[in-house]
Amino acid sequence: MTTALKTPKGIQWGRITRDGLWSNNVILSQTLALCPTLAVTGTATNGLGMGLATTAVLIVSNILVSLIRNVVTPEVRIPVYIVVIATLVTLVDLGLNAYAHELHKVLGLFIALIVVNCAILGRAESFASKNGVGAAALDGLMMGLGFTIVLMVLGGVREIIGSGTLFSGAALLLGQAMSFLELTLIPDYRGFLLAILPPGGFVALGFLLAGKRLIDRRAMRK
Amino acid sequence: MNATTWSEFRQGIGYQGLLLGVTVTMAATLLVVADRVTREPIAQRHAEDMNASLAQVIPPALHDNDLLANTVTLNDANGTPVQIYRALAGDRVTAVAFQVTGKGYAGDIDVILGLAADGKVLGARVLAHKETPGLGDKIEVAKGDWILAFDGRSLGDPPPARWAVKKDGGDFDQFSGATITPRAVVRALKGGLEFFATNRAVLTASPGNRQN
């Protein structure tokens with residue numbers, strides 16, 4: 001992990017936002033959370049669902065970890081954070097299942113995967129445990145959004161190449177009002193299976209990582 | 001306690017053990033409470049889901065009972081218990097529904113199969129599967145109308161030898177690029193029809209004591 005954030009005086013809004021969305025992006029820079037990433041990004045909708053669920057958990061876990069940061073000693077911090085995060089995810093899972101069942105049917109798969117998302121422990125360890133509650137919440141939000149955007153792009157690329165559609169199933173996740181998002185870009189497309197299967201995920205991710213490096217290098221030269 | 005002893009205490013194994021213990025106890029307490037609070041609503045939601053699936057394979061007009069209340073359990077040919085939901089009109093069994101399972105490409109495919117008392121398929125719907133998205137998932141009614149091809153069929157229509165996908169010389173379409181998935185579903189449904197034929201007398205017998 002390459003986070004080099006000093007404990008800030010006041011919240012460094014711009015810095016945290018830039019870090020989360022681009023320069024220290026969970027996937028593009030930290031290359032964390034690849035297991036859930038590659039598993040669910042067969043469509044843009046799934047990427048969006050996973051991203052939003054992760055963002056919610058990331059914000060709350062960052063706040064909790066930041067609140068208890070002065071009580072927890074460095075020697076036992078990892079097990080404490082793991083217990084906090086796993087409990088949180090389980091509570092969200094149970095609550096959604098009981099009181100927002102339709103949403104749970106769509107997101108249920110993603111929620112279980114969040115427990116194994118090392119990006120959440122990563123942020124707890126490298127940011128929330130060293131910063132105030134406000135900064136930690138913002139970091140959770142921005143890291144989550146950065147994660148969501150990359151997941152959605154990755155899902156979109158794989159979906160277009162793999163099945164010729166974009167945002168299929170969006171109405172199930174976001175409600176009927178968002179069904180205009182569902183596009184068939186290539187009618188009568190026979191599909192390109194590799195893009196949907198995990199190897200296609202690795203290939204697409206490789207191009208995204210290379211693309212980010214290219215842009216960063218251009219920016220450096222200027 | 002002054003500042004130095006406090007920070008010494010914090011360094012000690014006692015504080016760390018205590019910290020871990022308190023954290024885990026709080027987590028466990030929270031989970032127990034949440035589990036107790038949500039158990040009832042979750043069970044209710046699952047019953048609603050089951051009812052919704054059953055309504056797709058047994059038309060509501062065929063019965064006047066609560067399908068979840070009148071179940072019987074029978075063993076299939078392999079000795080696996082099968083829970084059977086019976087649709088009753090008065091005390092006559094008009095239809096039954098039960099779950100069949102096929103071995104798909106990536107794991108079990110659970111299908112709920114509704115049969116009229118005369119053995120005709122009223123409907124079949126996939127409840128859960130792990131097939132490849134974009135290929136095998138066309139067995140879902142949300143992704144394609146393939147599964148509707150079974151409506152109105154029975155064990156004699158088509159004849160048993162043709163209860164297979166076209167690639168195996170049968171009557172039912174496979175998908176381009178996916179044969180294993182539809183083959184598994186066709187086999188599972190055929191198995192379900194055979195199970196019904198074997199146990200027809202028991203399954204359609206009028207239940208003496210209706211309870212709802």
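Overview of values
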read-out: Test for residue B:138: is it under 24 Å from residue B:50 (Cβ atoms), outside any helix (DSSP H, G or I) and not hydrophobic (A, V, I, L, M, F, W, C); value: no
read-out: Residue match in the range A:124-139 (condition: basic (Lys, Arg) and either touching a Ser or Thr at 6+ places or on another chain (Cβ under 8 Å) or at pLDDT 80 or above (or both)); value: yes
read-out: Those residues of the range B:101-122 which are in contact (Cβ under 8 Å) with a residue 60 or more places away in the chain and touching a Phe, Trp or Tyr at 6+ places or on another chain (Cβ under 8 Å), in sequence order; value: B:113, B:115, B:119, B:121
read-out: Odd one out for residue B:166, checked against (1) more than 17 Å from residue B:131 (Cα to Cα); (2) charged (D, E, K, R); (3) under 24 Å from the mean Cα position of the chain (by Cα); value: (3)
read-out: The range B:34-88: number of residues that are under 21 Å from residue B:196 (Cβ atoms), touching a residue at least 24 places away in the same chain (Cβ under 8 Å) and not aliphatic (A, V, I, L, M); value: 9
read-out: Residue match in the range B:91-100 (condition: surrounded by fewer than 21 Cβ atoms within 10 Å (Cβ to Cβ) and either under 14 Å from residue B:127 (Cβ atoms) or without any contact (Cβ under 8 Å) to a residue 24 or more places away in the chain (or both)); value: yes
read-out: One residue from B:75, B:65 being assigned by TED's automatic domain parsing to the domain that holds residue B:151, surrounded by 15 or more Cβ atoms within 10 Å (Cβ to Cβ) and more than 20 Å from residue B:185 (Cβ to Cβ); value: B:65
read-out: Close pairs (6 angstrom Cβ cut-off, 6 or more residues apart or separate chains): within 21 Å of residue A:192 (Cβ to Cβ) and in the same structural domain as residue B:107 (by TED's automatic domain parsing) in the range B:126-152, aromatic (Phe, Trp, Tyr) and surrounded by fewer than 20 Cβ atoms within 10 Å (Cβ to Cβ) anywhere; value: B:131/B:105; B:136/B:105; B:138/B:146; B:138/B:175
read-out: Conditions (1) assigned to a helix (DSSP H, G or I); (2) more than 14 Å from chain B (Cβ to nearest Cβ): number failed by residue A:30; value: (1)
read-out: Matching option when the condition is crowded, with 22+ Cβ neighbours inside 10 Å and within 13 Å of chain B (Cβ to nearest Cβ), among A:37, A:54, A:43; value: A:43
read-out: Flag for residue A:84 being in a helix (DSSP H, G or I) and either at pLDDT 90 or above or more than 11 Å from chain B (Cβ to nearest Cβ) (or both); value: yes
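The values are calculated or read from the model by the stated rules, or taken from the named source; none is laboratory data. As the structure is a prediction and not an experimental result, all values here were calculated from the model. Don't worry about glycine lacking a Cβ; one is built from the backbone with ideal geometry, like all the others, and counts go over all protein chains shown.
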